[in-house]
C-alpha cells in the first residue's frame with residue numbers, strides 16, 4: 001500500500017464497490033481540538049496501516065484503530 005486517505009468525512013466509508021477496492025481509507029470518527037486529533041493519529045497510525053493491509057476502510061476513534 002502506498003497511499004491512504006485520512007478523513008473525517010463518513011461518505012468515504014460508503015464508496016461504491018469498484019472504487020472501494022482501489023482506495024484505502026482511515027475514517028476519523030472523532031472531533032475536538034486539532035492538536036489532540038493529531039496526537040491520536042500519531043499514536044495509532046501504525047496500527048491503522050497494519051489493518052489496511054487486509055481492509056479497505058478502518059475507523060480511528062478514542063479507542064484506537066479498528067475495522068468497520
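Details
- Computed from label points 7 Å out along Cα-Cβ, the spacing between residue 39 and residue 11 is 3.2 nm.
- Neighbour-count ranking [beta-carbon atoms within 10 angstrom, fewest first] of 42, 52: 42, 52
- The chain: antiparallel DSSP beta bridges as a percent of all, rounded to 5: 35 percent
- Fluctuation leader among 51, 40, 19 - the chain, Gaussian network, Cα springs under 10 angstrom: 19
- For the chain: rounded, prolate or oblate by the Cα gyration tensor [a/c cutoff 1.5]: prolate
- Highest-fluctuation residue, 33, 53, 16 considered, GNM on the chain with Cα pairs under 10 Å: 33
Where a number appears in this text, it was derived from the coordinates with a stated rule and is not lab data. Only a predicted model underlies this, so the values are computations on that prediction, with no experimental measurement involved. For neighbour counting, all protein chains shown are included, and Cβ atoms are generated from backbone atoms with ideal geometry for every residue, glycine included.
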